[in-house]
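Taking it in order: structure first as structure tokens, then the write-up.
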Amino acid sequence: MMTGQNMAPSIVSGVSGLTQALVGAPPWCVIACLALSLALGALQVVFPQESADRLAWWTGRRSYLSQQRLLRTARRREQPPVP
């Protein structure tokens, strides 16, 4: 399995550029943009990027969701109707 590259340097460089662009902006805007850029970086680290890994992840996710749907349906059938 291939290891993902370290995203910290690219996130830091992006955040520093974003900070320079937002000089003079309201503090809430700067904080929101910084949080969004860090969240997107974390999202890229968490989810697999390679094709085979991505396919396996989505296949597993689809199987998990279908099992959960079947379990929910079975539980609804077992519950007595609410008067």
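The values are calculated or read from the model by the stated rules, or taken from the named source; none is laboratory data. All of these numbers come straight from a predicted model, not from anything done at the bench. Heads up, the Cβs are rebuilt from the backbone with ideal geometry, glycines too, and the neighbour counts pull from every protein chain shown.
A few notes on this one:
- Subset tally (residues that are β-branched (Val, Ile, Thr) and at pLDDT 90 or above) for segment 60-83: 1
- Boolean, SER16 is at pLDDT below 70, farther than 29 Å from ARG54 by Cβ and in a helix (DSSP H, G or I): yes
- Check on SER37, surrounded by 10 or more Cβ atoms within 10 Å (Cβ to Cβ), within 16 Å of the chain's Cα centre (by Cα) and at pLDDT 70 or above: yes
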